[in-house]
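One structure is given below, encoded as structure tokens.
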Amino acid sequence: MTTTADELREEVRRRYAESARAVTAGSSECGCGSGSCCGDEPTESNFGEALYDAEQRGELPEAATLASLGCGNPTAVAELREGETVLDLGSGGGIDVILSAKRVGPGGIAYGLDMTDEMLALARQNARDAGVTNTHFLKGVIEEIPLPADSVDVVISNCVINLSVDKPAVLAELARVLRPGGRLGLSDVVAEDRLEPAERAERGSYVGCIAGALSQGEYVAGLEAAGFVDVDVTFTHEVADGIHGAIVKATKPAAASRELPLAGTAKAGCC
Ligand SMILES: C[S@@+](CC[C@H](N)C(=O)[O-])C[C@H]1O[C@@H](n2cnc3c(N)ncnc32)[C@H](O)[C@@H]1O
């Protein structure tokens, strides 16, 4: 029996709802590095809170670090600046939104987007516990981002795009919501180009962030097709044979420069 895209997405939602409930109940049972959520046989350092340095972990409530299910640290990649608007796709327990909110300061905004109610509730509680007031957690899917075009300076995401059932739609949405000149700083699971989709699926499950991984070449081609420039996909650590945690960077081209004045209208002596 084949699984439809809707069924697969529902399976992902159910799995991460379970994970949020486990953290809310005070257990990290279903977290990456200790179970089945992000990789079927992850080691402690492949996924989750171990990918953040001690200083960053010190800035966070315990439940936010316990809920960390990522495969990298996008806030370390994105070089956030004061006053920027940041969007985290698949924000989970809110770890990267809280860290981003602190980086962009009170003049900036950190949005988290997630489809799982239990994760949104956990993230909102974690943000309150962290004392940050410039966070907004939105319910929705990353294939249809509930924000206007050209409204975000930086998109980050941690171990989520591999879970999408429609990756071209996600990449098109990234290009739509970013302002011209805006940038991506993503962490994701990415396969070596030698692995066919069936070989990726042999190495781990879809909900475990392995089977749905794009290959490095597919990621670059997808981002370029969506209009991004300066695309770079760099492996950071292997999580299964031929499958890696990776940093993905790209930029939305700046708006075309204003047209030159028509001949004869430029001031004498100018240009
Ligand atoms: C592996 S967890 C990562 C959570 C968080 N980024 C972190 O680093 O801890 C995946 C998260 O993405 C959310 N998610 C998965 N697919 C999604 C989709 N298509 N749209 C919105 N959220 C999604 C899940 O609900 C879950 O909270």
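Relative to its Kirkwood radius, the Cα radius of gyration of segment 118-186 gives an Rg/Rh of 0.99.
Could you tell me how far the Cα centroid of segment 154-208 sits from the Cα centroid of segment 59-116, in Å? A separation of 17 Å, based on Cα centres. Between A25 and D166, what FRET efficiency follows from the Cβ-Cβ distance if R0 is 41 Å, with the result rounded to 0.05? Efficiency at R0 = 41 Å is approximately 0.80. If you keep only loop residues by DSSP, which trypsin sites (Lys or Arg not before Pro) in segment 190-229 have at most 15 other Cβ atoms within 10 Å of their Cβ? Here the sparse-neighbourhood loop sites are R194. Close amide H contacts of N134 (hydrogens built in the peptide plane, cut-off under 5 Å, sequence separation of 5 or more or a different chain): none are found.
Of the beta bridges in the chain, as assigned by DSSP with both residues counted there, near 45 percent are antiparallel.
From the square roots a ≥ b ≥ c of the eigenvalues of the alpha-carbon gyration tensor of segment 83-152, which class results: rounded (a/c under 1.5), prolate (a/b over b/c), or oblate?
Judged from the Cα gyration tensor, segment 83-152 comes out oblate (a/c at least 1.5, b/c at or above a/b).
Fully extending the segment from H136 to A50 would add 28.4 nm, taking 0.36 nm per residue of separation and subtracting the current Cα-Cα distance. Both the radius of gyration and Dmax for segment 96-246 are 16.0, 46 Å, in that order, over alpha-carbon atoms.
For the pair R57 and S151, label points projected 7 Å from Cα toward Cβ lie 3.6 nm apart.
When the Cα atoms of the chain are enclosed in a convex hull and the volume is divided per residue, what value in Å³ results?
147
We did not get these values from a lab; they are worked out from the coordinates using the rules stated. Treat the numbers as computed from the prediction; the structure is a model and nothing was measured. FYI the Cβ positions are ideal-geometry reconstructions off the backbone, even for glycines, and counts take in every protein chain you see.
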